[in-house]
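Trainee: Would you mind keeping the following structure in view while I ask a few things?
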Amino acid sequence: MQKMGGTIFNSDTIFTVSSLTGIIKTALESLSPQSIQVEGEISNYRPSSSGHVYFTLKDNDAQISAVLFRSSAVKLDFIPKDGMKVCCTGRLTVYAARGNYQIVISSMKQSGTGNILQMLEERKKKLAAEGLFDSRNKKPLPMFPKKIGIVTSPTGAALRDILQIARRRNNSISIIILPALVQGETAANSIVKQIKTANDFCMCDILIVGRGGGSLEDLLPFSDENVVRAVAASKIPVVSAVGHEIDWALCDYAADIRAPTPSAAAELVIPQKSDILNELSGYKSEMIFSIQAKIEHVKLLLKAYNKENMELQFRNIEQPLLSRFENAKESLLANMEKRLEDTKTFIRNCITILESASPQAIFAKGYSMVRDKNTQKIIRSPADTSAGNEIEIVPAKGIITAKVISLG
C-alpha cells in the first residue's frame, strides 16, 4: 500500500487516466512551492490569438513547457523570442489534457542573450565579413522557369503546400524534389549534398531551400556554416523559405531571395499560367488592332490612286524629271564639246612643240650631225675621233664625207 498526494492506493488499484493525472497534479503542486524561479532559454515561442503565450524553457540538458497567460503577458516590457535567455517566476502544474507538466509564469524578465542566438550572431558576422551576404552577388530569378528544384523533407507540409500551389498556378512547370533531412545533426550535410547535386547536374532553373515552421533549434540546420556556403556558391538562383514569417536562418542572407514561408516561395517563383495567357491574349489583341489600323490607313492612301487620276499624277511626277533630264543632257553635251575642243587645242600645241624640237627642224636651221664613217658613232668632241679618220657630216639634206686633218 502506498500514498501519493494524500491518496492511498495499492498495486491492485485501477485508475482512469484522468484520476491518475489528477493525483500527479495534486502531488506536484503540493510538493513544489507556490512560486519558483527558473532561468532558461526560450524555444518554440508561440503567441496565440487569445493573447496567451506558449513556449519551451530549456538549457543544454533539459526542457520544460511554459505558459504565460494574457494577463501576465501584457505586463512584459520586452518582446520574447526564440533564443532569448529569461528568468521566469511562476508555479508548477500539470496540464491534464496532454498529461505533461509545465510552469505557469506570472512574471518574466530578460536574463541575457541565449547561447544559440549568440552563436548565430557571431557566425553571421563572420560570414558577412567574407562577403557571402553581399547584394552584388545576388542572382535574378528567371521570369519563366521550366524546372524548379525543392530541397526539403519529402514528407513535410512545406512540400505539400508547394506542390499544391504549383498545380494551381502552373501545371506545365516541372517540379524536381531533392529529398533532404531538415532537422537533426545530419540535416545540414543532407541539405548541402542536395544543393550540390542540383548544381552539378544543372537540374533546375530555380532552387527552393527550406522547411516549415519550428523552434529555433529545429531551424538550426539552415544556419549551418556549410549550408550557408553552399547556398552562396550555388550557380542556380536560390530562394530561402525557412519556417514562418517571423522565423529566420542564416541561409536567408546568403540566398538570392528570401521568402517568408515555403508557400510564399512557390507563389514567388511559379508564374500564374492564366495571367501569362491573359497577357499574351492582350498582346495579340493589340497587335491585331495595330495591323488592322495600318491596313485601313494603306487603303485610304490607295484610294487616291484610281484609274482617272493615276496618269495625271504620273505626269506630275514625270514632267519635272524629264525636264531635269533634258537640262542635264544639254549641259553634258555642251561640256563634252568644250572639253573636246580644249583637247584638240592641247594636242595641236603638243605637235607644234614636238615638231620644233625634232632633229630635222634643227638641221633645217643649219645644224649638222657628225659621225664616224666606219662605226657610225656620233662625234661630240675631238676626243671621239683621230687625225686621218674618215667622218660623215649629215646636214638637213644629203651626206658629206670628209677626212680629219687635225684636232684642235
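Table: residues versus (1) open to solvent by 20 Å² or more (accessible area, probe 1.4 Å); (2) within 19 Å of D134 (Cα to Cα); (3) not small (G, A, S).
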| position | (1), (2), (3) |
| --- | --- |
| N171 | yes, no, yes |
| A188 | no, no, no |
| K196 | yes, no, yes |
| G212 | yes, no, no |
| N226 | yes, yes, yes |
| P237 | no, yes, yes |
| V242 | no, no, yes |
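Trainee: Ok, one more. Please give the number of the condition E279 fails out of (1) in contact (Cβ under 8 Å) with a residue 12 or more places away in the chain; (2) open to solvent by 50 Å² or more (accessible area, probe 1.4 Å); (3) not aromatic (F, W, Y).
Mentor: (1)
Residues are listed down the side, and each one gets a yes or a no for (1) of a type outside the set (F, W, Y); (2) surrounded by 10 or more Cβ atoms within 10 Å (Cβ to Cβ); (3) in contact with a Phe, Trp or Tyr (Cβ under 8 Å, 6 or more places away or on another chain):
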{"site": "L322", "(1), (2), (3)": "yes, yes, no"}
{"site": "S356", "(1), (2), (3)": "yes, no, no"}
{"site": "F363", "(1), (2), (3)": "no, yes, no"}
{"site": "G366", "(1), (2), (3)": "yes, no, no"}
{"site": "M369", "(1), (2), (3)": "yes, yes, yes"}
{"site": "I400", "(1), (2), (3)": "yes, yes, no"}
{"site": "L407", "(1), (2), (3)": "yes, yes, no"}
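Trainee: So E121 passes all but one of these: (1) out of contact with any strand residue (DSSP E or B) (no Cβ under 9 Å at 6 or more places or on another chain); (2) free of Cβ contacts under 8 Å to residues at least 24 places away in the same chain. Which condition number does it fail?
Mentor: (1)
Trainee: Could you tell me which of the residues T93, T56 is part of a strand (DSSP E or B), among the hydroxyl-bearing types (S, T, Y) and surrounded by 18 or more Cβ atoms within 10 Å (Cβ to Cβ)? Walk me through how you get there before you give the answer.
Mentor: Numbers: T93 fails: surrounded by 18 or more Cβ atoms within 10 Å (Cβ to Cβ).
Exactly one residue qualifies, and that residue is T56.
Trainee: Now for a different question. Surrounded by fewer than 16 Cβ atoms within 10 Å (Cβ to Cβ), more than 30 Å from A249 (Cα to Cα) and hydrophobic (A, V, I, L, M, F, W, C), is that true of V17?
Mentor: Details: surrounded by fewer than 16 Cβ atoms within 10 Å (Cβ to Cβ): yes; more than 30 Å from A249 (Cα to Cα): yes; hydrophobic (A, V, I, L, M, F, W, C): yes.
The answer is yes for V17.
Trainee: Given the conditions (1) in contact (Cβ under 8 Å) with a residue 60 or more places away in the chain; (2) in a loop (DSSP other than H, G, I, E, B); (3) within 22 Å of G243 (Cα to Cα), and given that I79 satisfies all but one, which numbered condition is not satisfied?
Mentor: It fails just one condition, (1).
Trainee: So T7 passes all but one of these: (1) in contact with a helix residue (DSSP H, G or I) (Cβ under 7 Å, 6 or more places away or on another chain); (2) at pLDDT 80 or above. Which condition number does it fail?
Mentor: Failing condition for T7: (2).
Trainee: Another question, if that's okay. Out of all the residues in the stretch 141-169, which are aliphatic (A, V, I, L, M) and open to solvent by less than 40 Å² (accessible area, probe 1.4 Å)?
Mentor: Taking the stretch 141-169 and keeping what is aliphatic (A, V, I, L, M), we get 141, 143, 148, 150-151, 157-159, 162-163, 165-166.
Passing the criteria: I148, I150, V151, A158, L159, I162, I165, A166.
The values are calculated or read from the model by the stated rules, or taken from the named source; none is laboratory data. These numbers were taken from a predicted model, which means no experiment stands behind them. Neighbour counts run over all protein chains shown; Cβ positions are idealised from the backbone, glycine included. Remember, those area values only see protein heavy atoms, side chains included, never the ligands or the DNA or RNA. Shrake-Rupley method; radii C 1.70, N 1.55, O 1.52, S 1.80 Å.
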